[in-house]
Each structure stands twice: as C-alpha cells, then as structure tokens.
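Asks: Shown below is the structure under consideration.
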Amino acid sequence: MNSEKQTDITIVIPAYNEAENIAPLSASLAEAMRGINKTYEVIIVDDGSKDATYDEILKASQTYPQIRGLKFKKNCGQTAAFNAGFEYALGRIVITMDADMQNDPADIPKLLEKMPEFDVVCGIRVKRRDNFVRRASSKIANFVRNLLTKDTIIDTGCSLKAFKAEAARRMKLFSGMHRFFPTLAKMDGYTVTQVPVNHLPRKFGKAKYGVGNRAFRAFCDLMAVRWMQKRHYRYEIENVIQETENRKQKTGNGKEY
Ligand code: UDP
Ligand code: MG
C-alpha cells in the first residue's frame, strides 16, 4: 500500500506512441473532471514509446498538476503499463482508459455512479467507431471468451473501467491479462457490473493491434485464464494466534468471503 496521502480517483492510461494524443487527452480529462467534486490524479504510463509521448506527458504535467508520468525503459505491453499504474496509484478508485482518445472522459461519472454498489464497473462500447473487421473479430472473441470462462462480459476490450483500488491491485497479472480484468476480479470475489459508454474514432496515431497479432495470443491467454479459474483457491482464516494490529492492516483486504 502507498503511504502518501490518498486521493479519491486515479486515472491510469497506458500510452505507446501516442504523442499527438497526449495534449488533447489531457485537456478533455481536465474538462470532464472539473465537473466531478473529487480529488484525482492521472498517471500516464509511457510504455517504451519511440516517439515524443514522454515529452508530451512532461509538458501536460506542467499545465495540469494532476498529471503524473511513468516511463518504461522498453515496450512491455498494455497489461504491464496498467499494472505499473495500479501500483503507483494513490486513489481509492482506479479508472483505466486508453490514451488514443477513443474513450470519452465524459463517461467517467457514469462509472462512478455504480461504484458504491460494485467493486468493478466495465464500459460497453455501444457504437464502436472501428472498422467492420475489428468490430466482428471482437464480437467473436468476446463470445468465445465468455463461453470458455462461463462469464458474461460484453466488451472486455473497452479499456474504460473503474475499480476499487484493492481489486485492481489484487489481480495476478501477466502479459495479455488486461483482456480478462473483470474475470480475474470476479475470481478474487469482487463484484462486477457493466454500463454503456461512448466510443470515438481514433484521430491521431495508429492502432497497435490488428486481428492477426491479437487473435492467437488472446486465445492462448484464454486457456491460461481457464487454468487459473480451475486452480484458483480462496481460503478463510478462522483463527490467528498472536495477531498484531499492523499485520492485520497489511494482510486484510477489507473483503469478506
Ligand atoms: N498500448 C500500450 N502498449 C502497447 C500497445 C498499446 O500501452 O504495447 C496502449 C495504446 O497506446 C493505447 C491502448 O494501449 O492507449 C490501446 O491500444 P490501441 O488503441 O492500439 O488498441 P485498440 O483500440 O486497437 O484495441
Ligand atoms: Mg484504440
């Protein structure tokens, strides 16, 4: 746990070669957050970009004091970038989104509305602004994923999600696992709901994934998640001899199973 002062919300944003998106993204986030009466920080994680993404994050942090940046030495992937953000987050609630401006920060209040009731809130992109092949492949992927994991997540590819911080940090993550966040959180006993959100076309930069570089890897990851579901355990401690207050704080996650 982080010992610095907590804020209400941390927004975690992985960015790989998204230089042109950082300034407009920062402005639209500031605009959306102005209307929300909560303290917040934004952590943009530069996942080893080869363009000026990091310089742009630095510039944005000078205009908006809420913006913090992390820079990876090399490209490690979207899950690693989310994970680094979760670890650095000071917020009690963690919101995830993409850096490419395809998610709409104006949807954040919709996610927060559900937060008292649920541990994780996932966006569903009702009107996907991607081409037919991407929309169709993602429909098939969600169907197969749900079939094999016995889950009901309509649009796991939508990065716009909100988590209680403990739920985000508790997920055991490996490369590719960002596609299974809700399923992993459920495994840990957290509650998940879904809300419709906006989707915007990508104006700047290029999509990092296509059908070819995603389908096979994502299927292997799906097999791994099935294995995790089968092998997953949850234990309850009935009694402790010589419990100390600070150990209770360290191990307690506030969740009763
Ligand atoms: N991303 C990342 N590392 C990578 C690939 C992507 O941090 O190795 C980021 C990317 O910059 C964007 C988000 O993950 O903010 C989603 O990527 P993209 O928009 O290309 O995915 P798609 O919309 O095609 O699912
Ligand atoms: Mg995108």
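Asks: Can you work out the PRE-style zone for residue 174? Point 7 Å along Cα to Cβ, and I want the residues of region 193-234 with backbone N under 18 Å.
Replies: 214-233
Asks: Would you mind getting me the FRET efficiency between residue 216 and residue 62? Use the beta-carbon distance for r and R0 = 41 Å, nearest 0.05.
Replies: About 0.45, to the nearest 0.05.
Asks: Related question: How far apart, in nanometres, would the label points at residue 243 and residue 132 be if each is projected 7 angstrom from Cα along the Cα-to-Cβ direction?
Replies: Roughly 6.1 nm, to one decimal.
Asks: Something else about it: Amide H neighbours of residue 191 under 5 Å, at least 5 residues apart or on other chains, H built in the peptide plane: list them.
Replies: Counting only residues 5 or more places away or on other chains, the set is 119, 120.
Asks: Please list, ordered by chain and number, the residues whose modelled amide H lies under 5 Å from the amide H of residue 52; skip anything fewer than 5 residues away on the same chain.
Replies: So residue 52 has HN proximity to 19.
Asks: Which whole-number percent gives the relative contact order of region 140-257, counting Cα pairs below 8 Å spaced six or more residues apart? Kindly include the intermediate steps, with their values, before the conclusion.
Replies: Numbers: 51 pairs, mean separation 33.5, N = 118.
After rounding, I find 28 percent.
Asks: A further question follows. Ranking 175, 28 by Cβ neighbours within 10 Å, fewest first, what do you get?
Replies: Fewest to most other Cβ atoms nearby, the residues stand as 175, 28.
Asks: Next question, about the same structure. List the residues whose amide H sits under 5 Å from the amide H of residue 197, counting only those 5 or more places along or on another chain, with H placed 1.01 Å from N in the peptide plane.
Replies: 124, 125, 126
Asks: According to a simple spin-label model (label point 7 Å from Cα along Cα-to-Cβ), what is the distance in nm between residue 55 and residue 71?
Replies: 1.1
Asks: How large is ³J(HN,Hα), in whole Hz, for each residue of region 222-229 in order, when computed from phi with the Karplus curve 6.51 cos²θ - 1.76 cosθ + 1.60 and θ = phi - 60°, using x for Gly and Pro?
Replies: 4, 4, 5, 5, 4, 4, 4, 4
Asks: Using the beta-carbon distance between residue 193 and residue 34 and R0 = 25 Å, what value does 1/(1 + (r/R0)^6) give for FRET efficiency, to the nearest 0.05?
Replies: About 0.45, to the nearest 0.05.
Rule-based calculations on the coordinates, nothing more; no lab input. Owing to the predicted nature of the structure, the values given are computational and were not obtained by experimental measurement. Backbone-built Cβ (ideal geometry, glycine too); neighbour counts: all protein chains shown.
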